[in-house]
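Participant: I have a structure here, written as structure tokens, and I will follow up with some questions on it.
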């Protein structure tokens with residue numbers, strides 16, 4: 001941050017015809033012609049879906065193509081915001097923990113109920 005202004009690296013993609021956050025094409029992004037979007041260099045090996053980013057994020061419903069938030073490519077070829085994916089994963093793990101907790105509570109309750117009965121047999 002210099003003074004009151006915060007400078008961010010911005011580049012213009014001639015294929016998307018949009019300005020995007022980053023250092024530029026060939027540096028930290030590349031443009032996939034089939035998907036018709038700029039993707040991070042670590043997504044070089046991705047499943048191409050024609051106009052894959054020209055859709056809404058399935059979690060927050062924000063349009064992915066013009067979004068400045070980081071986008072994650074799923075193994076199935078769909079895309080969603082990285083932050084939305086992390087929230088979804090966290091909620092799913094909490095759900096699994098709740099199921100496991102209730103399962104152990106049920107088992108311990110059954111053991112305390114049937115334990116004396118087994119001693120009687």
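The values are calculated or read from the model by the stated rules, or taken from the named source; none is laboratory data. Quantities reported herein were computed from a predicted structural model and do not represent experimental measurements. Here the Cβ is made from the backbone with ideal geometry for all residues, glycine too, and neighbour counts use every protein chain on show.
Participant: What number of residues within the stretch 73-84 satisfy the criterion of being touching a strand residue (DSSP E or B) at 6+ places or on another chain (Cβ under 8 Å), under 17 Å from residue 34 (Cα atoms) and in contact (Cβ under 8 Å) with a residue 12 or more places away in the chain? Talk me through it step by step, then tell me what you get.
Facilitator: As a first pass, look at the stretch 73-84 and keep what is touching a strand residue (DSSP E or B) at 6+ places or on another chain (Cβ under 8 Å): 73-74, 79-82.
From the residues that got through so far, the ones that are under 17 Å from residue 34 (Cα atoms) too are 73-74, 79.
Subset that is in contact (Cβ under 8 Å) with a residue 12 or more places away in the chain: 73, 79.
Residues meeting the conditions: 2.
Participant: What are the residue pairs meeting all of these: first residue in the stretch 11-27, first residue without any contact (Cβ under 8 Å) to a residue 60 or more places away in the chain and on the phi > 0 side of the Ramachandran plot, second residue loosely packed, with under 11 Cβ neighbours inside 10 Å and assigned to a loop (DSSP other than H, G, I, E, B), Cβ atoms under 8 Å, and 6 or more apart or on different chains?
Facilitator: none
Participant: Across the stretch 35-65, what is the total count of residues that are modelled with pLDDT of 80 or more and assigned to a loop (DSSP other than H, G, I, E, B)? Please lay out each step first, then the result.
Facilitator: Looking only at the stretch 35-65, we keep the residues that are modelled with pLDDT of 80 or more, and these are 54-65.
With the extra rule that they be assigned to a loop (DSSP other than H, G, I, E, B), the set shrinks to 54-55, 57-62, 64-65.
So the count comes out to 10.
Participant: If residue 92 meets every condition in (1) exposed (fewer than 15 other Cβ atoms within 10 Å of the Cβ); (2) part of a loop (DSSP other than H, G, I, E, B) apart from one, which number is that one?
Facilitator: Residue 92 satisfies every listed condition except (2).
Participant: Within the stretch 36-77, can you find the residues that are on the phi > 0 side of the Ramachandran plot and over 17 Å from the mean Cα position of the chain (by Cα)? Spell out how you get there, then give the answer.
Facilitator: Our first condition is that a residue be on the phi > 0 side of the Ramachandran plot; within the stretch 36-77, this holds for 36, 51, 61, 77.
Correct list: 36, 51.
Participant: So, in the stretch 31-42, exactly how many residues are more than 14 Å from residue 64 (Cα to Cα) and buried (at least 17 other Cβ atoms within 10 Å of the Cβ)?
Facilitator: Final tally of qualifying residues: 1.
Participant: Additional query: Within the stretch 67-74, identify whether any single residue is out of contact with any helix residue (DSSP H, G or I) (no Cβ under 7 Å at 6 or more places or on another chain) and more than 16 Å from residue 12 (Cα to Cα), and answer yes or no. Break it down stepwise before answering.
Facilitator: Initially, the stretch 67-74 is screened for residues out of contact with any helix residue (DSSP H, G or I) (no Cβ under 7 Å at 6 or more places or on another chain), giving 67-68, 74.
This time we only want the ones that are more than 16 Å from residue 12 (Cα to Cα), so: 74.
Yes, the stretch 67-74 contains a residue that is out of contact with any helix residue (DSSP H, G or I) (no Cβ under 7 Å at 6 or more places or on another chain) and more than 16 Å from residue 12 (Cα to Cα).
Participant: Being in a strand (DSSP E or B) and modelled with pLDDT under 75 is the filter; apply it to the stretch 1-10 and report the residue that is nearest to the chain's Cα centre (by Cα). Before you say what the answer is, go through the steps one by one.
Facilitator: So in the stretch 1-10, the residues in a strand (DSSP E or B) come out as 2, 5, 10.
When the remaining residues are screened for being modelled with pLDDT under 75, the result is 2, 5.
Numbers: 2: 32, 5: 30 Å.
Once the filter is applied, the top-ranked residue is 5.
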